[in-house]
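Just so it is clear, none of the values below were taken in a lab; they were calculated from the coordinates. All of these numbers come straight from a predicted model, not from anything done at the bench. Don't worry about glycine lacking a Cβ; one is built from the backbone with ideal geometry, like all the others, and counts go over all protein chains shown.
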Amino acid sequence: MARVLVVDDEADYRLHLDEIVSAEGHVVETAEHGRRALEIAESFCPEVLIVDLLLGGEPDGMRVAGTLRDSFPGLPIIIMTGYPSAEAKVQARKLHALDFLEKPFCTDELLHALRRALTKPTGLS
């Protein structure tokens, strides 16, 4: 069982991810924007971060991931986005994100990424 922080500004997507990850036996906290994610992380101390790149408001998903990586060195990060780009993938690599999921993705893709995060907390290859 791990502590997983899910950050997505789309309520339905956030709820769906919460259900999937919780069903695997993990403790999940969710945040609807970057500021809330940073607040939650202070006391929750996530062991895995699943974050959307484009969040309403500031900070965006990359900044949230970078800030939490600084606060929790070695934190496995799974980036997700509905707007993939080469630049976003480069940024994800610089953050040593473990996976880069393009929305919509299937449950199996998410679970595979989560299992990798829990067994191999190193960067995107």
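A few comments on the model shown:
- Here the contact order of the chain, divided by its residue count and restricted to Cα pairs under 8 Å and six or more residues apart, works out to 22 percent.
- Three semi-axes of the equivalent ellipsoid, the stretch 44-114, Cα gyration tensor, whole Å, largest first: 17, 15, 11
- Per-q log10 I(q)/I(0), the chain, q = 0.21 Å⁻¹ (Debye; single scatterer per alpha-carbon; no solvent): -1.26
- Take the convex hull of the alpha carbons in the stretch 82-121; its mean projected area over all directions comes to 2.8 nm².
- Ordering of 55-67, 13-25 by packing [mean C-beta count within 10 Å, highest first]: 55-67, 13-25
- Stokes-Einstein D in µm²/s, Kirkwood radius over Cα pairs - the stretch 6-74 at 25 °C with 0.890 mPa s viscosity: 206
- CD proxy at 222 nm, helix term only [per DSSP H run n ≥ 4: -39500 (n - 2.57); per residue of the chain; nearest 500]: -14000 deg cm²/dmol
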